[in-house]
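**Q** Starting off with a structure, shown below.
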Amino acid sequence: MKALLRSYADSIKSYGNNINSFSPYKPFNKVIAFRLNEEYLTTGVTKNISDETYTSNGFKLGNKDISELLEIINAPVYFSFTECGTAITQYEIQFLDGKNVIEKLKIACNDRQLITNSEVKDMNWQRMKYGHIMQKPRERLTNILMNSGVYFKPKY
C-alpha cells in the first residue's frame, strides 16, 4: 500500500494540481446514473445483454454524492488492476455539460468493477484508474448508487 500511495503522490507532484488531470477531465454541470441489463441481472433471463440498452430513466446524483464519486474514481489506490471476468454492465454514470455527455463510467460485477471510456488514454497522466474496486470504496460507491435511486439488487 505504501508503494501505491508513493506512486500516487509522485503523480500528483509531477503534474501539479491541474484540474484537467482529474476525471472527468472537462467541466460538467450534471451527473446522471442509468440501469443497464436489469432483467438479466435480476432474473437470469433476457433476450438482450447490451451496454446500449438502458433499463431505466436517468437518476440524478446530488452534489454530495458527486463529490464522493469524484474522490473515489480519482484515487488509483482504490483499485486493483484486475477484472471480474466477463463484465455485464449494471450501471452507467454519465457526466454532462448541458446535453452533451463528456464522460461515461460503467459499473459492473455487483459494483466491483469500474470501466471508463475516457478519451484521455495516457494512463500515467490520468488520476482515475479502472478495474476491481477495493472493498471500502466499493461500499461507498454502492451507497452513492442507493442514494440516487438507481441501485438494484442483482440475483447473481
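**Q** When only DSSP loop residues count, what trypsin sites (Lys or Arg not before Pro) in region 28-81 have their Cβ near at most 14 other Cβ atoms within 10 Å?
**A** 47
**Q** Amide H to amide H, which residues 5 or more places from residue 55 or on other chains are under 5 Å from it, using H placed in the peptide plane?
**A** 35, 36, 37, 38
We did not get these values from a lab; they are worked out from the coordinates using the rules stated. Bear in mind that the values here come from a model prediction, so they are computed numbers and not experimental data. Note that we place each Cβ from the backbone using ideal geometry, even for glycine, and neighbour counts take in every protein chain shown.
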